[in-house]
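Nothing in this text is a laboratory measurement; each read-out follows from the coordinates by a stated rule. These figures come from a predicted structure and were not determined experimentally. Heads up, the Cβs are rebuilt from the backbone with ideal geometry, glycines too, and the neighbour counts pull from every protein chain shown.
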Amino acid sequence: MKRSWILYIITLCMAGNFASCSEDNLDVYDQASSGGSIYFLDKYEQANDLYQSIPKDTLWTSFGYVSENKHDSIVKQVVRISGEKMDHDRTYKLTVLGSSTAKEGVHYELLNESYTIKANSITDTIKIKFNRTEDMKDSTFTVSLRLEPNENFNTDIPVMKSKAENGKYTYELTHMEFKVDDITGVPFLWTDPPYSSFTPYYLGTFSRTKLLLMIEVMNIDINLVTVPPPPGQYFSLDYYFAWKAYMTTWLEAEAAKGNYYYDEFGELIKFHL
């Protein structure tokens with residue numbers, strides 16, 4: 001009898017879980033009555049992220065933290081459909097909104113030859129090539145994209161509430177904005193507490209030249225330095241120890257060979273105050 005009750009309770013819990021999933025999951029619906037919808041997958045995943053405190057509707061590309069020899073960057077964004085796979089290709093409609101300030105052919109290029117969900121697939125990847133231009137040193141440019149309905153797909157997907165912050169924020173799943181510049185701001189490690197109080201001790205005062213040298217020598221992911229951790233997570237102190245030790249040793253080895261490195265202010269690069 002006890003075993004029967006346990007199985008009964010498990011069955012109820014599973015039924016409850018499936019019911020709750022059907023409320024949030026875009027893949028569970030009646031295609032015959034609703035038709036196929038299309039959306040940006042990244043937006044959907046952000047809304048499902050329990051640690052995403054605020055919606056990130058904009059994706060940044062900054063040339064300010066990369067080598068002067070890098071002249072372009074390709075950004076990819078996945079679109080997905082809610083519904084069944086089909087045995088034939090289906091095109092979808094993508095519009096560049098008039099609010100965009102970047103100029104196609106100058107600041108960016110759309111690399112897709114067509115916008116198509118291939119047969120037996122539920123995703124496609126939009127590829128945007130951003131060109132590094134001189135005016136990006138002074139201005140930030142935007143490209144705003146919107147998925148539009150056509151004969152194959154609708155955009156009737158409801159705006160999703162975020163799971164984090166008790167659904168305080170919403171995500172419009174058919175719109176995505178990209179920003180691009182060539183401006184080097186001071187990263188959060190030097191500006192945001194608690195990091196700003198001890199970053200100078202390990203890495204010294206900030207300079208763009210020093211940061212680019214660190215990235216090049218140690219092959220650091222630029223997002224690790226420039227994008228603050230989400231709420232509840234913290235930048236690991238282990239990076240400070242490792243970076244300072246490695247760069248100090250590297251600079252000493254270079255100096256022994258007669259190679260000295262200076263920042264944009266004419267000061268010898270060092271990893272302490």
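Brief remarks on what is shown
- Maximal additional length on extending the Leu237-Glu134 stretch stands at 33.4 nm, based on 0.36 nm per residue less the C-alpha distance.
- Cross-link pairs beyond the 29 Å C-alpha cut-off, checked among Lys76/Lys137; Lys127/Lys270; Lys70/Lys210; Lys70/Lys93; Lys93/Lys129: Lys127/Lys270; Lys70/Lys93
- For Val186, distant residues with modelled amide H under 5 Å away: none
- Footprinting exposure proxy for His175, His272, His107 (fewest neighbouring C-beta atoms within 10 Å first): His272, His175, His107
- Lys, Arg +1 and Asp, Glu -1 on Cβ, resulting dipole of segment 188-256 about Cα centre, debye, nearest 20: 140 debye
- Taking 0.36 nm per residue of separation and subtracting the current Cα-Cα distance, fully stretching the chain between Thr209 and Lys93 would add 37.5 nm.
- Where only C-alpha atoms are counted, convex hull volume of segment 188-256 per residue in Å³: 87 Å³
- Residue-span extension gain [Val78 to Phe198] - 0.36 nm each, minus C-alpha spacing: 39.3 nm
- Distance in nm between pseudo-label sites at Met86 and Glu267 (7 Å out along the Cβ direction from Cα): 6.2 nm
- Projecting the Cα atoms of Trp243, Val227, Ala253 onto the charge dipole of segment 188-256, computed from C-beta unit charges around the Cα centre, puts Val227 farthest toward the positive end.
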